[in-house]
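Remarks on the structure that follows.
The values are calculated or read from the model by the stated rules, or taken from the named source; none is laboratory data. Being a predicted model, the structure only gives us computed values, none of them experimental. All Cβ positions, glycine included, derive from the backbone under ideal geometry; neighbour counts span all protein chains shown.
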Amino acid sequence: MYKKKYTLSVYLALIMLTFIFFPAMWVINGGTFGSIPYYLIVYSAFIAVLLKGFKRVLAIILFLGTIMALLYLNTNFPGLFMDMIQSYPDT
């Protein structure tokens, strides 16, 4: 009765996480200096568990493309990410 009813919610969740949530959290947490890069493994595991076949490969390629774009921006424009980190003055 409920077979294959989860597919729309899986696709929407993965698209939102890949293109909205993950990049926003990457910027807010300071790029590679924050804690979000550690979640790459967890998110990749979610993709591997939730999808099958070509859709899995496509989702991982899109996710890796997003990560590579964020790393490119982090390397070439570090001011985009470092401004978000609050540093405490030395006393």
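Some notes on this structure:
- Identity of the residue in segment 17-48, in a loop (DSSP other than H, G, I, E, B) and of a type in the set (Gly, Ala, Ser), that ends up surrounded by the most Cβ atoms within 10 Å (Cβ to Cβ): GLY30
- Residue check, PRO78 surrounded by 10 or more Cβ atoms within 10 Å (Cβ to Cβ) and at pLDDT below 85: yes
- Every condition in (1) exposed (fewer than 13 other Cβ atoms within 10 Å of the Cβ); (2) under 12 Å from the mean Cα position of the chain (by Cα); (3) farther than 19 Å from ARG56 by Cβ is met by LYS5 except one, and the failing one is (2).
Quick grid of which residues meet (1) modelled with pLDDT under 85; (2) in contact with a helix residue (DSSP H, G or I) (Cβ under 8 Å, 6 or more places away or on another chain):
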residue: ILE20; (1), (2): no, no
residue: MET25; (1), (2): no, yes
residue: PHE33; (1), (2): yes, yes
residue: TYR43; (1), (2): no, yes
residue: LEU50; (1), (2): no, yes
residue: LEU58; (1), (2): no, no
residue: ILE61; (1), (2): no, no
